[in-house]
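First the structure, in the form of structure tokens, and then the observations on it.
The values are calculated or read from the model by the stated rules, or taken from the named source; none is laboratory data. Since this is a predicted model, take the numbers as computed values, not measurements. Every residue, glycine as well, gets a Cβ built from its backbone with ideal geometry; the counts of neighbours run over all protein chains shown.
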Amino acid sequence: MAEIKVPELAESITEGTIAEWLKQPGDKVEKGENIAELETDKINVEITTDQSGVIQDLLKEAGDTVEVGDVIGHIDESGEAGQAPPAAKESSKEENQPEQSSEPSQPAQKEGGDSAEDRPVASPSARKLAREKGLDLNQVPTKDPLGRVRKEDVEDYEKNIAASSASQGKTAKKETVPTDEFEGKPVERIRMSRRRQTIANRLVEVQQTSAMLTTFNEIDMTAVMDVRKRWKESFQQQHDVRLGFMSFFTKAVIASLKKFPLLNAEISGNEIIQKYFYDIGMAVSTDDGLVVPVVRDADRKSFAELEQEVVDLSLKARDNKLTLKDLQGGSFTITNGGVFGSLLSTPILNGPQVGILGMHKIQWRPVAIDQDKMENRPMMYVALSYDHRIVDGKEAVSFLVKLKELLEDPESLLLEG
């Protein structure tokens with residue numbers, strides 16, 4: 001019998017949460033095949049098998065926290081598919097039980113008094129979801145030809161119940177908490193994912209350990225939009241990628257950082273670490289929270305290379321395919337709340353960096369061209385949050401002024417090199 005262990009993940013990661021089992025007891029697996037997905041503080045990783053055989057049992061369920069080296073299941077290297085015992089955890093416990101008396105054993109009992117034999121065959125993720133929603137797995141219909149209840153079956157069953165209750169004028173069942181807290185009103189408690197907990201802790205830590213301040217400016221996007229309009233089709237035909245705004249802003253940010261280098265630094269104890277490289281973080285929103293993959297050596301990349309890398313990193317982030325290398329390091333971050341319609345915000349620093357630029361929605365507004373003339377122009381507010389411990393207000397404001405000048409005259413970006 002071979003053990004399934006949580007593998008070494010990375011130097012800074014010692015534990016994770018089982019997000020999903022990709023295989024179930026009785027399933028045939030080949031060496032190197034993915035059997036589970038593990039959620040860590042930064043990325044999702046897949047656990048693979050070191051042997052071929054049949055999954056004998058799973059000792060952990062989806063949602064359980066595990067540490068590197070933990071045994072989470074067993075593989076029978078000589079077993080036949082479909083021969084695994086139905087209750088993995090119970091069989092594991094029995095292996096560690098002392099010898100009992102010779103009296104006839106009674107069937108294992110579960111909550112509610114039903115025997116283990118009456119328990120429906122279900123995936124760990126399905127059982128976890130059913131517990132959270134207060135659903136009886138025996139009532140959940142399944143499309144699986146072997147009769148196994150899967151997570152999507154539970155989700156469909158819950159939707160059907162909600163629809164049925166709505167048609168009868170009833171409210172969908174919610175978990176209630178003590179009346180002295182919410183006065184008996186319906187609420188739902190949702191456990192924060194490991195990644196969401198990490199994001200929350202880091203954001204609070206940054207605000208507690210830095211002297212964060214934000215300054216603002218606005219940019220007339222007329223010139224950039226004109227360049228994009230004129231070169232849009234030929235750029236995409238030549239490079240097979242869309243010419244967006246991120247390449248313009250990245251180039252302008254790098255030129256501004258070269259002019260005001262303390263915004264590309266970080267604090268280490270009583271020292272300032274001045275960075276002479278430009279690894280720019282690009283904040284990406286995913287279903288599991290915000291992640292910041294890094295574009296390495298952005299100053300050496302062309303407009304097309306920047307646009308392509310932003311697309312690639314965004315897709316990897318949304319598909320949970322980012323690696324630790326994609327997320328580590330970074331000297332400055334850009335975040336674009338404008339894609340969600342944000343008109344103005346104060347971005348929080350991505351520690352230990354001391355600067356982050358916030359882009360926002362392009363809004364047509366009347367702008368005074370001179371004392372006598374006004375025009376409607378596409379305007380964008382930009383925000384620079386910075387650590388006031390090493391960056392003075394004059395330097396931060398000047399950084400945004402430089403950024404504004406470059407973007408309102410985008411051809412100057414070529415001269416900045």
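Got at least one residue in segment 392-403 being surrounded by fewer than 19 Cβ atoms within 10 Å (Cβ to Cβ), free of Cβ contacts under 8 Å to residues at least 24 places away in the same chain and of a type in the set (Ser, Thr, Tyr)? Looking for residues that are surrounded by fewer than 19 Cβ atoms within 10 Å (Cβ to Cβ), free of Cβ contacts under 8 Å to residues at least 24 places away in the same chain and of a type in the set (Ser, Thr, Tyr), one finds none in segment 392-403, hence no.
Among the residues of segment 320-339, the one identified as surrounded by fewer than 17 Cβ atoms within 10 Å (Cβ to Cβ) and either more than 12 Å from PRO293 (Cβ to Cβ) or in contact with a His (Cβ under 6 Å, 6 or more places away or on another chain) (or both) is VAL339. Scanning segment 243-289 for residues that are of a type outside the set (Gly, Ala, Ser), surrounded by fewer than 16 Cβ atoms within 10 Å (Cβ to Cβ) and assigned to a strand (DSSP E or B) yields GLU271, ILE272, ILE273, GLN274, THR286. One residue stands out in segment 117-148 among those that are within 23 Å of GLU20 (Cα to Cα) and at pLDDT below 65: the one that is surrounded by the most Cβ atoms within 10 Å (Cβ to Cβ), namely ARG119. I'm checking my understanding of the structure. Among residues of segment 348-375 that are among the charged types (D, E, K, R) and out of contact with any helix residue (DSSP H, G or I) (no Cβ under 6 Å at 6 or more places or on another chain), which one is farthest from PHE248 (Cα to Cα)? Among them, the one singled out is ASP372.
One residue stands out in segment 39-63 among those that are of a type in the set (A, V, I, L, M) and modelled with pLDDT under 80: the one that is nearest to the chain's Cα centre (by Cα), namely ILE43.
Scan segment 366-391 for residues that are among the basic types (Lys, Arg) and more than 25 Å from MET225 (Cβ to Cβ) and the total you get is 1. Number of residues in segment 206-239 that are touching an Asp or Glu at 6+ places or on another chain (Cβ under 8 Å), acidic (Asp, Glu) and surrounded by fewer than 17 Cβ atoms within 10 Å (Cβ to Cβ) equals 0. Restricting attention to segment 23-36, the residues that are without any contact (Cβ under 8 Å) to a residue 60 or more places away in the chain and either exposed (fewer than 15 other Cβ atoms within 10 Å of the Cβ) or of a type outside the set (A, V, I, L, M) (or both) add up to 9.
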